[in-house]
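Here the structure is laid out as structure tokens; the discussion comes afterwards.
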Amino acid sequence: MLDLKRDSNGCAGRERLVEAYNEKAMVQLEVWYQRTVEGRLVKLDSRTKMIHVEQRNGETERVPFMDIMKVSNAG
């Protein structure tokens with residue numbers, strides 16, 4: 001399980017997201033407003049600070065980096 005550690009500003013650890021992205025494994029993102037997004041990380045956009053997640057149904061959802069609370073392997 002990849003848990004994001006937050007610094008004093010509440011920022012999630014970038015290195016954990018990069019690790020999940022490089023593994024190309026299915027992941028589950030817990031988002032701060034009590035929502036879960038499951039799929040593969042296909043793009044880490046530093047310009048917009050959005051994480052692009054390709055879901056099992058083929059749709060891509062963009063999640064704001066600052067809203068991600070936890071990353072874990074999808075089951």
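Each reported figure results from applying straightforward, stated rules to the coordinates on display, with no laboratory input. These numbers come from a predicted model, not from an experiment. In this analysis, Cβ positions are derived from the backbone assuming ideal geometry, glycine residues included, and neighbour counts consider all displayed protein chains.
Computed over the alpha carbons of region 14-73, Rg followed by Dmax gives 10.2, 27 Å. Can you list the residues of region 41-75 with backbone N under 14 Å from a point 7 Å past the Cα of residue 14, pointing along Cα to Cβ? Residues passing the 14 Å test: 44-51, 65-66. Put a dot 7 Å past the Cα of residue 49, heading toward its Cβ, do the same for residue 34, and the two dots end up 2.5 nm apart.
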